[in-house]
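Read through the structure below, which is laid out as structure tokens, and then see the notes.
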Amino acid sequence: MTTIDWPLNENFIRRGMVNHTFGPVRNGGARNHQGWDFYAEPGTPCFAIADGTVVKVRNVGAYGLQVIIRFDFVLGGKPRKLFGFYAHLSRADVKEGQTAKIGQQVGLTGNSGNARSMRGKDQHLHFEIRTVPIAGRGLGGRMTPLKVFGHCPLRAPVYRKAP
């Protein structure tokens, strides 16, 4: 069984609103959101959710500074290679090709990309579970983080297991 932990010390969906979760949740279901937005003030440490390998660190487009970590996960009784995707970071503490251990700090949250103007309760870590490292628009190459975490912290925060 793959050990999974949460990406922040305190994980809570931004503003406790469904439209900051995964899938067709925006504009009355007419628009998709590709991941979960966890409320986080800039400079909040974020952590590897599992043992894996850093496959990409880049600063580009709407996601700004990003870290992508490949990890193994058993889903439906079958082993899968999945990717944890961290976006809008202010700093990356890992490099491509580096091994990441569960709970290792991988960066600091920020306001990069299209989150640069967000303030207060809208500041966040955009986090995705992907089936490919670089996904295009829409939901392709992505899956709901619910399949990995088993719970969505929409109404109350969930805390990282490791200190």
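Taken together, the values in this text are just the output of simple stated rules run on the coordinates, not laboratory data. Being a predicted model, the structure only gives us computed values, none of them experimental. In this analysis, Cβ positions are derived from the backbone assuming ideal geometry, glycine residues included, and neighbour counts consider all displayed protein chains.
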Distance (nanometres) between label positions extended 7 Å along Cα→Cβ at E10 and R137: 3.7 nm
15 Å beta-carbon shell around L82, net charge (K/R +1, D/E -1): +4
Distance between the range 80-96 and the range 18-77 - C-alpha centres, whole angstrom: 9 Å
Segment M118-V25, extension gain: residue separation times 0.36 nm, minus the distance between their alpha carbons: 31.5 nm
Equivalent ellipsoid, the range 34-85 (semi-axes from 5 times Cα gyration tensor eigenvalues, Å): 23, 13, 11
Net charge contributed by nearby residues that have their C-beta within less than 13 Å of P133 (K/R +1, D/E -1): +4
Projected area averaged over orientations for the range 101-156, convex hull of C-alpha atoms, nm²: 5.5 nm²
Contour minus Cα-Cα distance for V74 and Q98 (0.36 nm per residue): 6.4 nm
Average Cα contact separation per residue, the chain, under 8 Å, 6 or more apart, as relative contact order %: 30 percent
Local electrostatic count, H20, Cβ distance below 13 Å [Lys/Arg +1, Asp/Glu -1]: +3
Of K81/K101; K78/K147; K95/K147, those spanning more than 19 Å from alpha-carbon to alpha-carbon: K95/K147
